[in-house]
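Novice: Provided herewith is a single structure, encoded as structure tokens, for subsequent inquiry.
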Amino acid sequence: MSQPDHDSALLTALLAGCRRADRECQRRLYGQYYSLAMSVCLRYLRNREQAMEAVNDGFLKVFRDADRFDVRLHLDIAGSFRAWLRKIMVHTAIDHFRIAEKHAFQQTLDEVAALHPDPGVSALDTLSFDELVALVHGLPAAYRAVFNLYAIDGFTHEEIAEQLGISAGTSKSNLFKARAHLKHLLKKIKHHAYARHVG
């Protein structure tokens with residue numbers, strides 16, 4: 001049996017066990033996808049302790065809603081499951097973010113920055129994913145949340161506004177400020193790509 005088929009068969013069996021509330025299947029699924037879940041939650045939350053709470057809450061939702069992921073509907077079961085799990089973890093992390101950072105958006109609640117057109121390729125475009133995640137983690141909480149949702153997880157400003165309880169204008173403003181802050185950080189660390197693309 002090829003590896004992808006083996007992974008899909010194992011995942012199908014684990015999900016079937018989770019639907020029966022089988023503790024061993026839940027433990028194995030958790031262990032297999034913990035790293036993915038933690039990497040998503042760490043992008044939104046301040047520290048590992050907060051991220052761990054979100055991961056655990058997210059897996060509780062996965063176990064509770066395992067019957068919503070119908071393996072018969074997916075050609076790539078493992079890939080589709082990772083996407084489904086990631087979506088659950090993003091939403092769970094945002095729920096935790098809203099509680100932990102409830103004042104993060106106060107200063108910019110009705111503020112809309114003047115939006116400038118994208119000048120094309122920037123230093124941000126040349127960073128590796130890990131380098132970008134490390135820089136993003138240094139952003140203020142409100143900027144970090146919007147940047148993650150928009151640039152990494154593909155939400156629209158309207159969806160971000162709904163998720164975070166802010167206006168679409170505030171989302172756009174925070175994205176603009178996050179990008180400016182990241183460019184400042186790049187200049188500060190004299191990233192080689194910055195020197196090439198930003199004067």
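Novice: May I ask you to compute the full-extension gain from Glu131 to Arg27, defined as 0.36 nm times their residue separation minus their alpha-carbon distance, rounded to one decimal in nm?
Specialist: Length gained, Glu131 through Arg27: 34.3 nm.
Novice: Another question, if that's okay. Report in % the part of the accessible area of the range 37-100 that belongs to carbon and sulfur, leaving out ligands and nucleic acids; probe 1.4 Å.
Specialist: 53
Novice: Can you list the HN-Hα couplings for the range 86-92, worked out from phi with the Karplus curve (6.51, -1.76, 1.60; θ = phi - 60°), rounded to whole Hz and with x for Gly and Pro?
Specialist: Each residue of the range 86-92 in turn: 4, 4, 4, 5, 4, 5, 5 Hz.
Novice: Would you mind getting me the FRET efficiency between Asp76 and Met52? Use the beta-carbon distance for r and R0 = 25 Å, nearest 0.05.
Specialist: Computed FRET efficiency for Asp76 and Met52 comes out at 0.30.
Novice: Stretched out fully, how many nm does the piece from Ala13 to Ser35 gain, at 0.36 nm a residue minus the Cα gap?
Specialist: 5.9 nm
Novice: Based on alpha-carbon positions alone, could you give the equivalent ellipsoid semi-axes of the range 1-84 from the gyration tensor, as √(5λ), descending, whole Å?
Specialist: They are 23, 14, 11 Å, listed from largest to smallest.
Novice: Can you give me the distance in nm between label points at Lys61 and Ala180, each placed 7 Å from the Cα along the Cα-to-Cβ direction?
Specialist: Rounded to a tenth, the inter-label distance reads 3.3 nm.
Novice: Let me ask another. Using the Karplus curve 6.51 cos²θ - 1.76 cosθ + 1.60 with θ = phi - 60°, what ³J(HN,Hα) values do you get for each residue of the range 138-151, in whole Hz, with x for Gly and Pro?
Specialist: x, 6, x, 3, 5, 5, 4, 4, 5, 4, 4, 5, 7, 7
Novice: Report the FRET efficiency, 1/(1 + (r/R0)^6), for Arg68 and Ala141, where r is their Cβ-Cβ distance and R0 is 35 Å, rounded to 0.05.
Specialist: That gives a FRET efficiency of 0.70.
The values are calculated or read from the model by the stated rules, or taken from the named source; none is laboratory data. Owing to the predicted nature of the structure, the values given are computational and were not obtained by experimental measurement. All Cβ positions, glycine included, derive from the backbone under ideal geometry; neighbour counts span all protein chains shown. Remember, those area values only see protein heavy atoms, side chains included, never the ligands or the DNA or RNA. Shrake-Rupley method; radii C 1.70, N 1.55, O 1.52, S 1.80 Å.
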